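The values are calculated or read from the model by the stated rules, or taken from the named source; none is laboratory data. Small disclaimer: the values here were computed from a predicted structure and weren't measured. Neighbour counts are summed over all protein chains in view; Cβ atoms, including those assigned to glycine, are modelled from backbone coordinates with ideal geometry. Each accessible area value is taken on the protein alone, full model and side chains, heavy atoms only, with ligands, DNA and RNA left out. Shrake-Rupley method; radii C 1.70, N 1.55, O 1.52, S 1.80 Å.
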Amino acid sequence: MGKDEHDKPPVTDAIKVAVGQLRLPLAGLLCLLALLLAWDGWRQGVSSRAQSTVASEGARLQGAEKTYLTDLITSFDHAAAAPEVVTAAGEGDFAQAARDFQKRWADGKSVQFVQPDLGSAFSDPAKFGFGRVAVLTATLRDGVTRAGVARVDGQPRLVIAGAIRQGSEVKALALVDLPIDELKNPIESASTGGGFVSLQFHGYVVASRGDATAVVLGKSDRLAVRDGGFEIVTGSPPQVEGMLGLGTLPSYLLAALLLAGGIGLLKFGAALAGTADAAGAAASTNTLADLTPTPAPERKVEVKEAAKPAAVAISREIFRAYDIRGVVGQNLDAGVARLLGLAIGSVMQDQGLRDIVVGRDGRASGPELAGALIEGLRQAGREVIDIGQAATPLCYFGAFHLRTGSCVAVTGSHNPPDYNGFKIVLGGETLAGDTIQDLYVRIAENRLFKATTLGGVQQREIAADYIQRIADDIQLERKLKVVVDAGNGVAGLIGPEVLEAIGAEVAPIFCEVDSSFPNHHPDPSEPKNLTDAVQMVQRLNADIGVAFDGDGDRLGVVTRAGEIIYPDRLLMLFAEDVLSRNPGACIVYDVKCTGHLAGHILGHGGSPLMWKTGHSLIKAKMKETGAELAGEMSGHFFFKERWYGFDDGIYAAARLLEILAARPETADEVFAELPKGFSTPEIKVAIDGGTPHDFVDKFREQARFDGARVATIDGVRADWPDGWGLVRASNTTPVLVLRFDADTPEALARIQNAFREQLLALRSDLKLPF
């Protein structure tokens, strides 16, 4: 055997050398993995404990609030049944009845008595209080004492109403309002464990504690406190899933094994290292030199500075009241969309939001704009779920279904083909007004967050989930034939499928997506765009016809008789249905709706609330008031009951068919039962010189309408006993929007003339079509 062979260390010594060199990094890696798994097990445990805490706290609060309300109602009933109270009320001496009631129940100092016909309440429900009227109505309807929440002098109060009876005859109704603090205290002192608990009355949040996003993003539950609308709403933080699909205990066990392995490697490797060191000392230095790689010769690379991209010009005018909207090629392009993605991602970074859904309508510019938007979001480190071509309600649904709480719908809505835009929801809040303008300011001031690592993007198909979610909740009691006109908008992809899935026979027209809108404009608020639907309903002898706007968040309805059912009357039908299950619920509607709507809601035991026009403004008001339903004259309908509270023309169509299929009458007969006056559609008047908002501000200051109750929450609305008129500034186009509604043609003409005089007094050059 040669000398060189004797000089080489044995193979086992080489292995020992390698182990000795690698023992520290390998042991460190094992210990690091052990710590990571231990942390994963710990956070799963925290998540499980949080869910358990919220669940037990919800049950405790349910019992506490039920006991408190039951005790109050028992005391109320005891005082209401007192012989002296019954006698005084039966004689019509309500003042004496109130004094006797207060003697029986010290907390009933605020008691007042009203006639069973509620004449004094309905004579001026706004002054009496819509919430109090609703509780009285529920008491009469259900025949039992009811508790509720109503605003008294601008503050929420606990209201209890019950009947004063002589035998089976109701002689009067008693109404007591109490401080709401005792209801709120258990909630405000509750332990949430990182989740959310609240007490709600028909959706109105009486008191809450914790992080409300847990209701959207985590596990939520509703616990009825007692009959009548009170419930405890809880939300647990989202359940944390193990990184390797392991539960809490397996994560801890594997962490322990890895830690033991790391420590063992350190000890065993140290012993091997000692042997290897001795072997290495005996080995030839030439051997070690042979194992050392020769460094590669250094290469000089010339580095040139990359050219900086040209700055993107962005126009403030595309940042509107409810969304962002512009003309492609003029003030909207991929560069603007990319900046907008960065701005949205920056807001999400500030709010601790990571995931977001992005969808787009059928416009030709959609793929490019959506792609650029996604690039910007990823540059801000956001994780994007791209659902592709989809109706706007599908984007909203995705934010709930995929538990992101955030979404952007790239859509031009009902505008001409060269328009496009963005409807944005972040953390469950629809951006509008100042929050829309903040995006522009961020871009203009370059306050944009750029992550060191690009966020990810994944494609998801959720249309089937959306259809299944609706079909699981709605199935028609009898088959209806319905004509569906999508106006070649994106709703044509899914609207017919949804209605077929709930049991309807669908006859689709113009449901092929075509961004040029070759047949008619996809705007069902314009009567001329419903002509094709009317003709097809009559030709096929269909039960009803429905039409969607360009992105599917608005609904139009026509009947076999050729009647267009305006959205405010449609809202009456929806309100009846919702209130049958949710007595006393708040129903929100915009200033353009008929004056008959408030009385109809009150008559069915609801609380009407008129608010500003605009889908994002209506959604914000719904959240503030806990409303179960809302609607706009433009055709946006928002169902909180059984749905998610966003505007969805497709879902609204399904709810309409559900109502009609449950009744034996034809659609024309059903709608004939609803109050109907003589009304105009929306009248749009262009303003030359100045802005519509400036004009309305001056009109608000100068106009005088004798004998009318004037509301100025959005423009100027004047209500007379027999009708009303409205002028407001559009937030989407530079026009005035007017509408008139009255009980008779004569009243309609009188109200129009009154507005005409006031409008022309301010601007004599206005071209008024009435």
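Some notes on this structure:
- Verdict on Arg478 being out of contact with any Cys (no Cβ under 8 Å at 6 or more places or on another chain) and outside any loop (DSSP other than H, G, I, E, B): no
- Listing of strands (runs of 3 or more DSSP E) fully contained in the range 503-593 that carry 2 or more residues being closer than 30 Å to Leu158 by Cβ, under 29 Å from the mean Cα position of the chain (by Cα) and modelled with pLDDT of 95 or more: 586-590
- Residues of the range 624-633 that are in contact (Cβ under 8 Å) with a residue 60 or more places away in the chain and either touching a Lys or Arg at 6+ places or on another chain (Cβ under 6 Å) or open to solvent by 10 Å² or more (accessible area, probe 1.4 Å) (or both): Thr625, Glu628, Met633.
- The residues listed here are Phe699, Phe639, Phe695; of these, the one that is closer than 21 Å to Val578 by Cβ and crowded, with 18+ Cβ neighbours inside 10 Å is Phe639.
- So Gly381, is it under 22 Å from Thr452 (Cα atoms), part of a loop (DSSP other than H, G, I, E, B), open to solvent by 10 Å² or more (accessible area, probe 1.4 Å) and in contact (Cβ under 8 Å) with a residue 60 or more places away in the chain: yes
- Residue within the range 100-117 that is open to solvent by less than 30 Å² (accessible area, probe 1.4 Å) and under 32 Å from the mean Cα position of the chain (by Cα) present: no
- Options Phe422, Phe400; residue that is at pLDDT 95 or above, open to solvent by 20 Å² or more (accessible area, probe 1.4 Å) and over 13 Å from Val457 (Cβ atoms): Phe400
- Residues that are open to solvent by less than 30 Å² (accessible area, probe 1.4 Å) and either among the small types (Gly, Ala, Ser) or out of contact with any helix residue (DSSP H, G or I) (no Cβ under 8 Å at 6 or more places or on another chain) (or both) within the range 452-472 comprise Gly455, Gly456, Ala463, Ala471, listed in sequence order.
- Out of Arg560, Arg581, one residue alone is within 22 Å of Leu136 (Cα to Cα) and open to solvent by 20 Å² or more (accessible area, probe 1.4 Å). It is Arg581.
- Candidates Glu632, Glu563: the one that is over 25 Å from Ile474 (Cα atoms) and touching a helix residue (DSSP H, G or I) at 6+ places or on another chain (Cβ under 8 Å) is Glu563.
- Restricted to the range 333-370, and to residues there that are outside any helix (DSSP H, G or I) and within 18 Å of Asp438 (Cα to Cα), the residue that is nearest to the chain's Cα centre (by Cα) is Leu353.
- Lone qualifier among Ala491, Ala507, Ala501, Ala486 - being within 23 Å of Ile387 (Cα to Cα) and surrounded by fewer than 23 Cβ atoms within 10 Å (Cβ to Cβ): Ala501
- Complete set of residues in the range 644-672 that are free of Cβ contacts under 8 Å to residues at least 12 places away in the same chain and either under 12 Å from Leu570 (Cα atoms) or surrounded by 15 or more Cβ atoms within 10 Å (Cβ to Cβ) (or both): Ala672
- Filter pass, Leu339 being at pLDDT 90 or above and either out of contact with any Lys or Arg (no Cβ under 6 Å at 6 or more places or on another chain) or polar (S, T, N, Q) (or both): yes
- Within the range 218-276, the only residue that satisfies the criterion of being modelled with pLDDT of 75 or more and among the aromatic types (Phe, Trp, Tyr) is Phe230.
- Checking each residue in the range 120-153 for being of a type outside the set (A, V, I, L, M, F, W, C), open to solvent by less than 50 Å² (accessible area, probe 1.4 Å) and closer than 19 Å to Arg709 by Cβ picks out Pro125, Gly129.
- Single condition Leu540 does not satisfy, out of (1) surrounded by 20 or more Cβ atoms within 10 Å (Cβ to Cβ); (2) in contact with a strand residue (DSSP E or B) (Cβ under 9 Å, 6 or more places away or on another chain): (1)
- Take the conditions (1) closer than 30 Å to Val144 by Cβ; (2) among the small types (Gly, Ala, Ser); (3) open to solvent by 10 Å² or more (accessible area, probe 1.4 Å); Gly605 misses just one of them, which is (3).
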